[in-house]
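J.: Here you go, one structure.
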Amino acid sequence: MARRIHIVIVEPSVIIRTGLSGILKRITDLNIDIAEIPEISIMMNRIKKLSPDIVIMDPVCLGLTSPHQFKTQIENEQIKLIALQTSLQSINSIKLYDDFITIYDNAETIKEKLSSIINKENIEENEKQELSAREREIVVCIVKGMTNKEIADKLFLSTHTIMTHRRNIANKLKIHSPSGLTIYAIVNKLVDIKDVK
């Protein structure tokens, strides 16, 4: 099952807030939790405390604060902000958000926009998975043509541990062949091309 996505709706209008919340609750193929914040005055503290993945809010709620400044103030640069367009707003103010929805969007459009943000977030998360120093050492050994036993002896580890590291490397990099690892190692300057067997 996909990880749970925590969404906060910041909206003073009870009709708009509960309507949007109701639509989100009916999107059953996204694994989401929803919290509502009805008052702008408590918005910052509640969002810091809840630490959601996504905040949906009318840009008017931020006043003169930009989305980037808001992320800095709540000390969460990874949070995704979706502008809830309840009236005509400048396109310049909305394009600073990660995405936007309008009060006229149907459930399918809202679901597509949320899915897009969640998928983008998952891709970014996967891209951030860097190899540890030990995993880089093992990649270098693999590229140099060493067997699991030879790598284990060199690094004073068990063969089983080397196999676990290799599995983790393959999962992180999505590379499942020695030739693929060789290209990765050369491109990322882990080895010089003359060291490759």
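J.: At pLDDT 85 or above, under 26 Å from the mean Cα position of the chain (by Cα), under 15 Å from Glu135 (Cβ atoms) and in a helix (DSSP H, G or I): is that true of Ala185 in this structure?
T.: yes
J.: If I ask for residues that are more than 24 Å from the chain's Cα centre (by Cα) and more than 13 Å from Ile9 (Cα to Cα), which ones from segment 53-98 would you list?
T.: Within segment 53-98, Val60, Gly63, Leu64, Thr86, Ser87, Leu88, Gln89, Ser90, Ile91, Asn92 qualify.
J.: Here's something else I'd like to know. Condition first: touching a residue at least 40 places away in the same chain (Cβ under 8 Å) and surrounded by 13 or more Cβ atoms within 10 Å (Cβ to Cβ). Now tell me which residues in segment 143-181 satisfy that.
T.: Once the filter is applied, which keeps residues that are touching a residue at least 40 places away in the same chain (Cβ under 8 Å) and surrounded by 13 or more Cβ atoms within 10 Å (Cβ to Cβ), segment 143-181 yields Val143, Lys144, Lys172, Leu173, Leu181.
J.: If a residue must be of a type in the set (Ser, Thr, Tyr) and either touching a strand residue (DSSP E or B) at 6+ places or on another chain (Cβ under 9 Å) or closer than 16 Å to Leu81 by Cα (or both), how many such residues does segment 1-34 contain?
T.: Qualifying residue count for the region: 2.
J.: For segment 70-104, enumerate the residues that are polar (S, T, N, Q), modelled with pLDDT of 85 or more and either at positive phi or surrounded by 12 or more Cβ atoms within 10 Å (Cβ to Cβ) (or both).
T.: Residues satisfying the conditions are Thr72, Gln73, Asn76, Gln85, Thr102.
J.: Can Asn126 be described as modelled with pLDDT under 90, more than 22 Å from Thr182 (Cβ to Cβ) and within 24 Å of the chain's Cα centre (by Cα)?
T.: no
J.: Of all residues in segment 75-114, which are closer than 29 Å to Thr28 by Cβ and in a loop (DSSP other than H, G, I, E, B)?
T.: Asn76, Gln78, Ile79, Thr86, Tyr97, Asp98, Ile103, Tyr104, Asp105, Asn106
J.: Looking at (1) exposed (fewer than 15 other Cβ atoms within 10 Å of the Cβ); (2) among the charged types (D, E, K, R); (3) touching a Leu at 6+ places or on another chain (Cβ under 6 Å), which is the only condition Asp58 fails?
T.: (1)
The values are calculated or read from the model by the stated rules, or taken from the named source; none is laboratory data. For clarity, every value in this text was computed on a predicted model and none was experimentally measured. For neighbour counting, all protein chains shown are included, and Cβ atoms are generated from backbone atoms with ideal geometry for every residue, glycine included.
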